[in-house]
Amino acid sequence: MRTCGIEIKGSEAIICLMTLQSGLFELPDCRQNRFALSKDAEQLQMRHFQFTFAKFIEDYQVSQLVIKERPQKGKFAGGAIGFKIEAALQLIAGCDCTIISASQIKEAIKRHPIPVDFKDTGLKVFQETAFLAGYAFLAK
């Protein structure tokens with residue numbers, strides 16, 4: 001099962017592709033590590049964003065999206081554009097989507113510690129949260 005961990009930050013969806021086969025995690029190479037949506041996202045931009053992400057899912061045969069949940073209120077609350085991105089991703093046909101909370105991620109990592117230091121994965125620093133979301137989903 002190919003999974004795409006996603007962190008929505010501002011007007012971007014930061015991603016990390018991951019697979020789990022025979023108990024081994026693999027981080028396949030991919031052409032992109034983030035998708036951006038313009039701040040004044042009108043219907044046309046929303047459709048373009050969704051189409052582009054759906055094409056990415058098709059090209060890389062992703063079967064599961066895992067989005068790290070963002071608070072709706074408070075200091076670290078997600079913005080309107082972020083929630084539009086989340087809705088656009090959840091509505092992509094042919095791919096399951098799961099929202100995972102920070103506490104679920106922590107619990108999964110506590111039960112199944114990450115077998116490698118993040119620096120050794122070859123991913124960019126800003127992809128760490130997306131990596132953790134995907135890992136936590138596959139580890140459970």
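In this structure the amide hydrogen of Glu69, modeled in the peptide plane, comes within under 5 Å of the amide hydrogens of Ile100, Ser101, Ala102, none closer than 5 places in sequence on its chain. Remark on the chain: Rg and Dmax equal 14.5, 44 Å (Cα only).
Annotation: amide H-H contacts under 5 Å for Gly79 (H modelled 1.01 Å from N, sequence separation of 5 or more, or interchain): Gly10. Ordering Leu37, Gly23, Phe53 by Cα displacement along the dipole of the chain toward the positive end leaves Leu37 in first place; charges were set at the Cβ atoms of Lys, Arg (+1) and Asp, Glu (-1).
Set the Förster distance to 25 Å, then compute FRET efficiency between Ala93 and Asn33 from the Cβ-Cβ distance, nearest 0.05. My answer for the efficiency is 0.60.
Angle check, please: helix 43-59 long axis (alpha carbons) against the longest principal axis of the chain (alpha carbons), in degrees 0 to 90, nearest 10. Approximately 30 degrees, to the nearest ten. For the range 1-86, what relative contact order do you get, as a whole percent, if you take Cα pairs closer than 8 Å and at least 6 residues apart? RCO, the range 1-86: 39 percent. For helix 128-139, what angle does its Cα long axis make with the longest principal axis of the chain, in degrees from 0 to 90 and rounded to 10? Taking the Cα atoms of the chain, the angle to 128-139 is about 60 degrees. Comparing mean-square fluctuations of Cys97, Cys16, Cys30 from a GNM of the chain with C-alpha springs under 10 Å, the top value falls on Cys30.
A straight chain from Leu44 to Gln72 at 0.36 nm per residue would run longer than the Cα-Cα distance by 7.5 nm. About its Cα centre, the dipole of the chain is roughly 400 debye, where the only charges are +1 on Lys and Arg Cβ and -1 on Asp and Glu Cβ. Taking the range 93-109 and a reference point 7 angstrom along Cα→Cβ of Ser63, the backbone N atoms nearer than 16 Å belong to 94-98.
Every number here is computed from the coordinates shown, using simple stated rules; none is lab data. Nothing here was measured: the structure is a model prediction, and the numbers come from that model. Positions of Cβ are generated from backbone atoms using ideal geometry, with glycine treated the same way; all protein chains shown enter the neighbour counts.
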